[in-house]
Ligand SMILES: [Zn+2]
């Protein structure tokens, strides 16, 4: 309870006890838009699937507010990215939606939090086993779907065949998307990338990009002057032309590095939400094109 209280403000805990607005359909919740889209795809039209994280926010440094309490309170299923990425959601659900089943999608994808909990404090790109950004690989996302169908079937056994069929169709769509992204990025395969934070390990691994550095040494911590100097050196050594910022992180440090090293700035988005990046497929396509265009033909 102490740990929970440390994570959830008194305001949020107070909001837990206020009655939730009724929803005609059963409610499921997911922390980020691409996960919510996968959940909605398996759930089908019979469910009201809600996204917990507000637009433009990084789940790494997010603290729930009464808004998320209202969204999650009636949920029968709460899906998290897992691996320490959005641990606040499991705690929020335990406090405010105690009837809900918790679904750790990262575990279903084969990703576990590193020893000691929080994922990616450091920036070791070799350590893909604990990197929580599994959804940026459609291959890993597809691994989640059978378990997700099983979760819905446990809640609604009569609908089991439908959940299974939708999950299988979605997995086939993800395989097609994967082939498409591979084709989009083939012209820039092998290129080094520098992004706002270390979100792109699985994506880079799948499509032949090479993460060379991240602007934020840890999510929510801006680089020191020395780290900015190092980024400029990396940019020169790697012959970079573009820095990739993300809408959830401030751009100040990126602008300093870009000016110093003569780089362009382009946006990639690990989380999505806005029009054009709302669905899983749109988000992945947006990123593949942004990397391809930003890297240019080398
Ligand atoms: Zn991240």
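Using just the Cα positions, wrap region 209-270 in a convex hull and report its mean projected area in square nanometres, one decimal place.
Details: hull surface 15.9 nm².
Average projection, Cα convex hull of region 209-270: 4.0 nm².
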* Contour minus end-to-end for residue 230 and residue 101, with contour as 0.36 nm per residue of separation and end-to-end as the Cα-Cα distance? -> 41.9 nm
* Asked: Quick one: of the DSSP bridges fully inside region 181-295, what percent are antiparallel, nearest 5?
  -> 10 percent
* On the first, second and third principal axes, largest extent first, how far apart are the outermost C-alpha atoms of the chain in Å? -> 57, 43, 35
* Structure fact -> So the angle from the long Cα axis of helix 87-96 to the longest Cα principal axis of the chain, reported in degrees to the nearest 10, equals 20 degrees
* Which one of 262, 201, 46 has the biggest mean-square fluctuation once the chain is modelled by GNM with Cα springs under 10 Å? -> 46
* To do: Quick one: plug the Kirkwood hydrodynamic radius of region 2-178 (C-alpha pairs) into Stokes-Einstein at 10 °C, 1.306 mPa s, and report D in µm²/s.
  => 96 µm²/s
* Structure fact -> Between residue 9 and residue 182, the FRET efficiency computed from the C-beta separation at R0 = 35 Å comes out, to the nearest 0.05, as 0.20
* At 7 Å along the Cα-to-beta-carbon direction for both residue 94 and residue 264, put a label point, then send me their distance in nm to one decimal. => 4.7 nm
* For the chain, calculate the relative contact order in percent as a whole number, restricting contacts to Cα pairs under 8 Å that are 6 or more residues apart. => 16 percent
* To do: Please identify, among 33, 274, 217, the residue showing maximal mean-square fluctuation in a Gaussian network model of the chain using a 10 angstrom Cα cutoff.
  => 274
* Structure fact -> Helix-only [θ] at 222 nm, the chain, -39500 (n - 2.57) per DSSP H run of 4+, per residue, nearest 500, equals -14000 deg cm²/dmol
* Structure fact -> Both in Å, the radius of gyration and Dmax of the C-alpha trace of region 181-295 are 13.4, 38
* Structure fact -> Taking Cα atoms only, helix 160-185 is inclined relative to the longest principal axis of the chain by an angle, in degrees rounded to 10, of 10 degrees
* Asked: Ranked from highest to lowest mean number of other Cβ atoms within 10 Å per residue, what is the order of the peptides 176-188, 84-96?
  -> 84-96, 176-188
* Using only Cα atoms, find the angle between the long axis of helix 225-238 and the longest principal axis of the chain, and express it within 0 to 90 degrees, rounded to the nearest 10. => 70 degrees
* To do: Could you work out which residue, out of 136, 11, 145, moves most in a Gaussian network model of the chain, that is, has the largest mean-square fluctuation with Cα springs under 10 Å?
  => 11
* Relative contact order (percent) for region 2-178, with alpha-carbon contacts under 8 angstrom and 6 or more residues of separation? -> 21 percent
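Only the coordinates and a few stated rules stand behind these numbers; no lab work does. Because the structure is a prediction, the values reported are computed rather than measured. Methodologically, a virtual Cβ is constructed for each residue, glycine included, from the backbone with ideal geometry; neighbour enumeration extends over all protein chains shown.
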